[in-house]
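Dropping a structure here in structure tokens format, bear with me for questions.
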Amino acid sequence: MQAMAPMVGCPLRRVHNLAGHGHRRQPPATMPAMMPTSALPSARSPFGDHLRHWRQHRRLSQHGLALEADISTRHLSYVETGRAQPSREMVLRLAERLAVPLRERNALLVAAGFAPMYQARPLDHPDLAAARQAVDLVLKGHEPNPALAVDRHWNLVAANAVVPVLLAGVAPWLLQPPVNVLRLSLHPEGLGPRLANATQWRDHLLHRLQQQIAATSDAQLQALHDEIAAYPFAAHEGHAHGPASPIAVPFELDTDHGRLSFISTITIFGTPVDVTLQELAVESFFPADAQTRDVLERLGRTP
């Protein structure tokens, strides 16, 4: 899915265009939230508001967080209410105990009066060359099976040369950047009508989104969840209420080459200290049956 024609399979870089330069249709308006999550405090909010948000989001009492961070409940209360100013070390300790993502740790530091600690460099930055090469190797090395890289909002970052095989018939507006992989895979004008296990795959992706929202408190992910949950789906597949695979939820797609069935793995960087790398994920798809394997091997031999 890197620029879906000429750029697919190219070295990892920002996607420019997936379907020419035609009119870009806007995604449908999002529906009311199905699983509300409290909004992150604004950039100008005091540190105590940020801390309270993350503590409550993690469902911790002041006493519970104080125990985790090895400080007194009274001092934590003073920090939350603005009666005490935390040190930089304290901010980082609390963020670590609350498992706050790196992007939001920067916001905590700024709210407390300190400089951000974690950079958010683009993937084509020279400092990220080793990481970019690692992603390129994973994508290219996974051929003839499809693989793609996405950012924290499931926007496409890069993909290998096999991914376009899956996209025949997709509405061009869905291939205009930024390409959202979840919208593309479930939208009625995307791959949605061709999913052989549409209800099962949709439920699986919504559950993954719920897990991300719980971890990040990201309002944009919440909006994406609500949009996808509102798509019309008919439970027409035979295994809508039961597993089609004994090991994992498959991605089953009807294509010009027949029905293809995949299972997938997700790869992330293990110890990132850069915001971009923490938010990057590579999803690699593997054939779940012999027919899919044979089709992909045959396509891999096609010039």
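The values are calculated or read from the model by the stated rules, or taken from the named source; none is laboratory data. Since the structure is predicted, the reported quantities are computational estimates derived from the model, not experimental observations. In this analysis, Cβ positions are derived from the backbone assuming ideal geometry, glycine residues included, and neighbour counts consider all displayed protein chains. What goes into the accessible areas is simple: the full protein's heavy atoms, side chains included, and nothing from ligands, DNA or RNA. Shrake-Rupley method; radii C 1.70, N 1.55, O 1.52, S 1.80 Å.
Quick one: what pairs do we get from the range 250-278, first residue of a type in the set (Gly, Ala, Ser), second open to solvent by 70 Å² or more (accessible area, probe 1.4 Å), C-beta under 8 Å, 6+ apart or different chains?
Gly258/Gln291; Ser261/Gln291; Ser264/Phe286
Now for a separate question. Within the set of pairs 6+ apart or on separate chains, which have a first residue in the range 150-162 that is under 15 Å from Gln278 (Cβ atoms), a second that is polar (S, T, N, Q) and surrounded by fewer than 18 Cβ atoms within 10 Å (Cβ to Cβ), and C-beta atoms under 7 Å apart?
Pairs that qualify, where the first residue is under 15 Å from Gln278 (Cβ atoms) and the partner is polar (S, T, N, Q) and surrounded by fewer than 18 Cβ atoms within 10 Å (Cβ to Cβ), are His153/Gln220.
For the range 21-59, give me each residue that is part of a loop (DSSP other than H, G, I, E, B), at pLDDT 75 or above and either of a type in the set (Val, Ile, Thr) or open to solvent by less than 50 Å² (accessible area, probe 1.4 Å) (or both).
Pro41, Ser45
Something else: Among the residues of the range 190-203, is there at least one that is touching a Leu at 6+ places or on another chain (Cβ under 8 Å), in contact (Cβ under 8 Å) with a residue 12 or more places away in the chain, more than 15 Å from Phe262 (Cβ to Cβ) and open to solvent by 50 Å² or more (accessible area, probe 1.4 Å)?
no
Whether any residue in the range 95-110 is open to solvent by less than 60 Å² (accessible area, probe 1.4 Å), in contact (Cβ under 8 Å) with a residue 40 or more places away in the chain and under 30 Å from Leu296 (Cβ atoms) is what I want to check.
No.
Please work out if Phe262 is of a type in the set (Phe, Trp, Tyr), part of a strand (DSSP E or B) and either more than 22 Å from the chain's Cα centre (by Cα) or surrounded by fewer than 20 Cβ atoms within 10 Å (Cβ to Cβ) (or both).
Values: of a type in the set (Phe, Trp, Tyr): yes; part of a strand (DSSP E or B): yes; either more than 22 Å from the chain's Cα centre (by Cα) or surrounded by fewer than 20 Cβ atoms within 10 Å (Cβ to Cβ) (or both): no.
Considered against the rule, which asks whether it is of a type in the set (Phe, Trp, Tyr), part of a strand (DSSP E or B) and either more than 22 Å from the chain's Cα centre (by Cα) or surrounded by fewer than 20 Cβ atoms within 10 Å (Cβ to Cβ) (or both), Phe262 comes out as no.
Tell me which residues, restricted to the range 60-77, are in a helix (DSSP H, G or I) and either open to solvent by 60 Å² or more (accessible area, probe 1.4 Å) or charged (D, E, K, R) (or both).
Result: His63, Leu67, Glu68, Arg74, His75.
Name the single residue that is most open to solvent (accessible area, probe 1.4 Å) among those in the range 265-303 being in a loop (DSSP other than H, G, I, E, B) and within 22 Å of Leu186 (Cβ to Cβ).
Ala288
If I ask for residues that are of a type outside the set (A, V, I, L, M, F, W, C) and either over 30 Å from Val100 (Cα atoms) or free of Cβ contacts under 8 Å to residues at least 24 places away in the same chain (or both), which ones from the range 279-297 would you list?
Those that are of a type outside the set (A, V, I, L, M, F, W, C) and either over 30 Å from Val100 (Cα atoms) or free of Cβ contacts under 8 Å to residues at least 24 places away in the same chain (or both): Pro287, Asp289, Gln291, Thr292, Arg293, Asp294, Glu297.
Check the range 167-179 and report whether any residue there is under 17 Å from Leu224 (Cα atoms), in contact with a strand residue (DSSP E or B) (Cβ under 6 Å, 6 or more places away or on another chain), open to solvent by less than 10 Å² (accessible area, probe 1.4 Å) and not basic (Lys, Arg).
Checked the range 167-179: at least one residue is under 17 Å from Leu224 (Cα atoms), in contact with a strand residue (DSSP E or B) (Cβ under 6 Å, 6 or more places away or on another chain), open to solvent by less than 10 Å² (accessible area, probe 1.4 Å) and not basic (Lys, Arg).
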